[in-house]
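Structure first, commentary second.
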């Protein structure tokens, strides 16, 4: 039986260079400033990567492998919760496409191979807009957003 999958695509425009956007995704000390997590790897194809909470506990929340890397224009990684890392069926794929576009950058994040209806699929549909909005704010103003903020009750 094949599982039903879904995907999520988010496009944003950022006043920055492709190099700065790529660095913001791959350098732990930069990612922690807008994401609240560090993406840790040597960024070589086949290498492991970890998404580590940038707090005192340093919890590894996500893991995967680097599939493709072509700085500063493209990065493809697999993605799974650390608790489900041993189950290949739980892995999805994230592609970052970074293009120079009339004095700015068009960043396209495609998250595919997600199990339809899964907690991960629901989470990324809310998480990516917050994280990428924070990335944009950080690169344009020097200050990221609170990606852990919750909506106020009406």
Cα-Cα pairs above 20 Å in segment 5-141: how many percent? 43 percent
Taking the alpha-carbon centre of each part, the distance from segment 134-154 to segment 1-72 in Å is 17 Å
Compute the length gained on full extension between residue 84 and residue 149: take 0.36 nm times their separation in residues and subtract their Cα-Cα distance, giving the result in nm to one decimal. 20.8 nm
What distance in nm separates the simple spin-label points at residue 58 and residue 74, each placed 7 Å from Cα in the Cβ direction? 3.4 nm
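Taken together, the values in this text are just the output of simple stated rules run on the coordinates, not laboratory data. Only a predicted model underlies this, so the values are computations on that prediction, with no experimental measurement involved. Virtual Cβ from ideal backbone geometry, glycine too; neighbours counted across all protein chains shown.
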